[in-house]
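Notes follow the structure.
FYI, it's all coordinate maths here, none of it is from the lab. These figures come from a predicted structure and were not determined experimentally. Reconstructed Cβ throughout: ideal geometry from the backbone, glycine too, with neighbour counts over all protein chains shown.
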Amino acid sequence: MAERHIAVLADIHGNRWALDAVLADIDRRGIQDIYDLGDSLQGPLDPAGTADILIRRGIPSICGNCDRELLDPAGPSTPTYAYDRSVLTPEHNAWLRALPPTRTLDDAILLCHGTPQSDDTYLLEEPTARGGVLRTSAEISASLAGTQEMVVCCAHSHVPRVVWLPDDRLVVNPGSVGWPAYENDTPILHIMEAGSPHARYAILTKTDNQGWRAELVAIPYDWAAAAQVAREHGREDVARALLTGRGE
């Protein structure tokens with residue numbers, strides 16, 4: 001049997017420019033199986049254009065915490081969320097509502113946004129004042145209790161990682177397609193940062209005689225154009241993150 005390749009995207013956050021570059025790279029490699037781990041649209045960039053691409057391409061996605069909050073009337077009411085809600089169409093909102101919280105592929109790969117139980121909890125990192133510290137294998141395994149898949153793909157932290165657990169499970173965070181760094185005050189004030197402005201995704205590969213392996217990919221794109229749109233929407237912090245991959 002030939003190798004099977006799966007491209008995994010996450011945390012696009014409405015960055016159509018980054019998504020176009022990532023999909024062009026995936027197409028160049030001839031990969032047809034593409035999955036999205038959520039937080040696809042929210043952000044001060046182009047949520048509607050991003051939704052159009054994902055819907056047109058038929059990319060199976062799951063619901064992230066920001067996807068859920070966009071649809072919640074009692075959710076965040078910041079100017080960025082207000083902008084997003086103003087430009088998303090009924091078709092876009094229907095697509096968001098239909099997103100499941102998790103997906104399982106061939107009983108072998110579990111897709112979740114945060115942990116299997118929570119879309120706003122980090123699976124791999126413990127947030128500290130200096131950023132996200134990798135959790136212990138025991139802590140990660142505890143968050144995966146009750147799951148059987150040998151590969152777990154998670155997102156939410158925007159930090160690309162490949163973690164091997166003692167039970168031979170592989171946990172992969174592809175990093176963020178469109179927002180490489182951010183500041184968050186939950187559960188404490190912390191910064192997550194990838195360290196460069198590149199658009200990121202992961203490739204999973206399976207062969208007959210080997211287990212799954214993971215490749216983390218970083219793609220250049222016109223991040224200056226995306227940063228300018230963030231500035232136009234009053235988000236200098238996002239523009240800085242897009243240009244540097246740093247949160248400060």
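In table form, for the structure just shown:
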quantity: Radius 13 Å from Cβ of ALA155, net charge of other residues (Lys, Arg +1; Asp, Glu -1); calculated: -4
quantity: Computed magnitude of the charge dipole of the chain (debye, nearest 20; Cβ of K, R +1, Cβ of D, E -1); calculated: 300
quantity: Helix axis angle, 16-29 relative to the chain longest principal axis, alpha carbon, degrees; calculated: 30
quantity: Tensor-based shape of the stretch 155-248 (alpha-carbon gyration tensor, a/c under 1.5 rounded, otherwise prolate or oblate); calculated: oblate
quantity: Cα shape, the stretch 18-97, gyration tensor, a/c 1.5 rule; calculated: prolate
quantity: ³J(HN,Hα) computed for each position of the stretch 73-87 - Karplus, 6.51 cos²θ - 1.76 cosθ + 1.60, integer Hz, glycine/proline x; calculated: x, 9, x, x, 10, 5, x, 5, 4, 4, 4, 4, 5, 6, 9
quantity: J(HN,Hα) series, the stretch 156-164, from Karplus relation 6.51 cos²θ - 1.76 cosθ + 1.60, nearest Hz, glycine and proline x; calculated: 6, 7, 6, 9, x, 8, 10, 10, 9
quantity: Simple Cβ-charge dipole of the stretch 119-248, Lys/Arg +1 and Asp/Glu -1, about Cα centre, in debye nearest 20; calculated: 300
quantity: Charge-dipole axis of the stretch 4-243 as Lys and Arg at +1 and Asp and Glu at -1 on Cβ define it, positive-most pick from LEU23, PRO73, LEU37; calculated: LEU23
quantity: 5 angstrom amide H check on GLY64, placed H, neighbours 5+ away; calculated: ASP39, SER40
quantity: Using θ = phi - 60° and Karplus 6.51 cos²θ - 1.76 cosθ + 1.60, couplings along the stretch 141-152 (whole Hz; Gly, Pro as x); calculated: 4, 4, 6, 9, 4, x, 9, 10, 4, 7, 10, 10
quantity: The stretch 104-158 - charge dipole about Cα centre, Lys and Arg +1 at Cβ, Asp and Glu -1, debye rounded to 20; calculated: 220
